[in-house]
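The values are calculated or read from the model by the stated rules, or taken from the named source; none is laboratory data. The structure presented is a predicted model; accordingly, all values stated were derived computationally and were not measured. All Cβ positions, glycine included, derive from the backbone under ideal geometry; neighbour counts span all protein chains shown.
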Amino acid sequence: MSPTPADQPVAVLSGVVKGYRLDDVDVPVLKNVDLLVRPAQFTVVLGPSGSGKTTLLNLIGCIDRPDSGQVVVAGQDVGPMNDDELAEFRSRHIGFIFQNYNLLPVLSAWENIEYPMLLAQLPAARRAERVRRLLKAVGLSDRANNRPGQLSGGQRQRVAIARALALKPRLVIADEPTANLDSRTGAEILQLMRSMQRRYGISFLFSSHDRAVIGAADDTIYLKDGEIRAIRRRSAPPGEEPAADLDGAADSAQPGEDAR
Ligand SMILES: Nc1ncnc2c1ncn2[C@@H]1O[C@H](COP(=O)(O)OP(=O)(O)OP(=O)(O)O)[C@@H](O)[C@H]1O
């Protein structure tokens, strides 16, 4: 039986090498990385500052390209894609959450979450229903009209999580999403991402310095000096709830299969 999108690895890296050129000096960052990111799991990339976590996430998120080696995301080798194809692929399959939230300051929480759906030209009724569900899922139904400046850091990150899920990506990439939050709020955001990952059956790839996040992860990838030093994979507990869908139970499409 051929693998369906739901059980296909969300990303596979083979022999990936990536460096930067700084003041005429080549700085190697990732050195021959082989990695498989399992679908519908919460995966944490742990490593000290400068170990290459952001570089790795940027390659899997199709924001950057390797110097050599192969990056396959959602079953597609992204190497041959041109920049426009890569941008289209990214918007279709991947959601992003950033340390600094990256919300548009002049838009309300509602409008920030709706924005990717507007760009993707979803019909108005579908957009409204999905924004409503997402605001509820992140516990911000009563903050729909607030702009980012009127929200706390934790609330901004909740909006960013909702926005990342707006187009039903297969993969959400979060680069140190708790780094600007106090430890209690950071733990709440971590729990929220964990519950959204389970609820919608998508994959989360999350980077952190903080070993305390290991408890929340299914898979933990330890990166040091641009090399994967260890991968710990936890087997799924029995009786996991079936994934929900943002457009309601009637729509049974897999995330990423019907992003529009
Ligand atoms: N655009 C760039 N140009 C030059 N060097 C870069 C660039 N981006 C990253 N680097 C260097 O690559 C190395 C790895 O950086 P990266 O941001 O991937 O690490 P990180 O593990 O995410 O670190 P941190 O935890 O501090 O965010 C660092 O030495 C960094 O200075």
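The strands (runs of 3 or more DSSP E) located wholly in the stretch 1-119 that include 1 or more residues which are of a type in the set (D, E, K, R), under 20 Å from the mean Cα position of the chain (by Cα) and away from the ligand (no atom under 16 Å from the Cβ) occupy 25-37. Contact map, the stretch 212-236: residues that are under 24 Å from I189 (Cα atoms) paired with residues that are in a helix (DSSP H, G or I) and polar (S, T, N, Q), Cβ distance under 8 Å, separation 6+ or inter-chain. Pairs shown: A216/Q191.
Counting only residues that are over 19 Å from the mean Cα position of the chain (by Cα) and either in contact (Cβ under 8 Å) with a residue 24 or more places away in the chain or in a helix (DSSP H, G or I) (or both), the stretch 120-132 holds 9 of them. For the stretch 11-28: of the residues being β-branched (V, I, T) and at pLDDT below 95, which is surrounded by the fewest Cβ atoms within 10 Å (Cβ to Cβ)? The residue in question is V25.
Going by the structure shown, is S203 polar (S, T, N, Q), within 16 Å of the ligand (Cβ to nearest atom) and in contact (Cβ under 8 Å) with a residue 40 or more places away in the chain? No: the conditions fail for S203.
Among the residues of the stretch 43-57, just one is more than 13 Å from S208 (Cβ to Cβ), buried (at least 16 other Cβ atoms within 10 Å of the Cβ) and of a type outside the set (S, T, Y), namely G52.
Of everything in the stretch 145-177, what is β-branched (V, I, T) and without any contact (Cβ under 8 Å) to a residue 60 or more places away in the chain? Give them in sequence order.
V159 - this is the single residue of the stretch 145-177 that is β-branched (V, I, T) and without any contact (Cβ under 8 Å) to a residue 60 or more places away in the chain.
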